[in-house]
Amino acid sequence: AKKVGIIIGPKGATMKAIEEATGCKLDVNAPARDAPVPANLPNKTLKASVKLSGTTEAIQKARTAIQELERKGYASILQSDNFGEFSISVHPRCLSEIVGPGGKVIQALQTNCDVKISIPPTDWKPNTPPGMVQMCKVGIAGSKENSRTAKGVLQSLVEFH
């Protein structure tokens, strides 16, 4: 139920936009915030469900949009023609520089460049042998111009790290 709010959006606007863009009907069944959680539930969280109805093509488009919302925080089908998605590969140790103390760096970058930046989860540890480190793909989305600007800022930020 943690991510259901991003699917619904403010006053149902995101859900309605997905329905209009895909032609698929979404029926979201989410537990109330204060719903009691049964003691025998393994991870102590209630699950929300989204039922999709429409043509096979419409359902696939809606499923893709929902998965993007969950993974990236936005759905490309809901963006304008000027929308751009970019990414940079960075060493996991650079992620803390991108996020900054209390998230201040990433928040400032997202606000000033008017983009959305997605940081992937990682299980990297500082003592990981150099050959065993898997680079992280940091996503950048927004208008093409703003996304390119943000990508340049991120590259400068991690260049000497």
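When the listed pairs K11/K47; K47/K104; K47/K137; K11/K116; K51/K116; K3/K51 are checked against a 23 Å cut-off, the alpha-carbon distance exceeds it for K47/K104; K47/K137; K51/K116. Here, region 90-160 has an Rg and a Dmax of 12.6, 38 Å when only alpha carbons are counted. Calculated mean residue ellipticity, 222 nm, the chain: -11500 deg cm²/dmol, from DSSP H runs (n ≥ 4) at -39500 (n - 2.57) each, averaged per residue and rounded to 500. If R0 is 41 Å, what FRET efficiency do you get for S118 and A32 from their C-beta distance, rounded to 0.05? FRET efficiency, S118 to A32: 0.90.
Each Lys and Arg adds +1 at its Cβ and each Asp and Glu adds -1 at its Cβ; summed about the Cα centre, the chain shows a dipole of about 400 debye.
Surface exposure of region 1-159, expressed per residue as accessible area with a 1.4 Å probe, stands at 64 Å².
Normalised by the number of residues in the chain, the mean separation of alpha-carbon contacts (under 8 Å, six or more apart) gives a relative contact order of 21 percent.
Labels on offer are (1) -0.81; (2) -0.89; (3) -0.97, and the one holding log10 I(q)/I(0) by the Debye sum over Cα atoms at q = 0.15 Å⁻¹ computed from this structure is (3).
Under the convention that each Lys and Arg Cβ holds +1 and each Asp and Glu Cβ holds -1, the size of the dipole of region 82-161 around its Cα centre is about 60 debye.
Rounded to the nearest 0.05, the FRET efficiency derived from the C-beta distance between Q67 and E145 at R0 = 25 Å is 0.40. For the pair region 60-118 and region 120-161, the centres of their Cα atoms are 11 angstrom apart. Among the protein heavy atoms of region 36-161, carbon and sulfur supply 52% of the accessible surface, probe 1.4 Å, non-protein parts ignored. Candidates I88, V158, W124 compared by Cα position along the dipole of region 32-161: farthest toward the positive end lies W124, with charges placed on Cβ.
The values are calculated or read from the model by the stated rules, or taken from the named source; none is laboratory data. Just so you know, these numbers come straight off a predicted model, no measurement behind them. Quick reminder, even Gly has a Cβ in these numbers, built from the backbone with ideal geometry, and neighbours come from all protein chains shown. Side chains included, ligands, DNA and RNA excluded: accessible areas come from the protein's heavy atoms. Shrake-Rupley method; radii C 1.70, N 1.55, O 1.52, S 1.80 Å.
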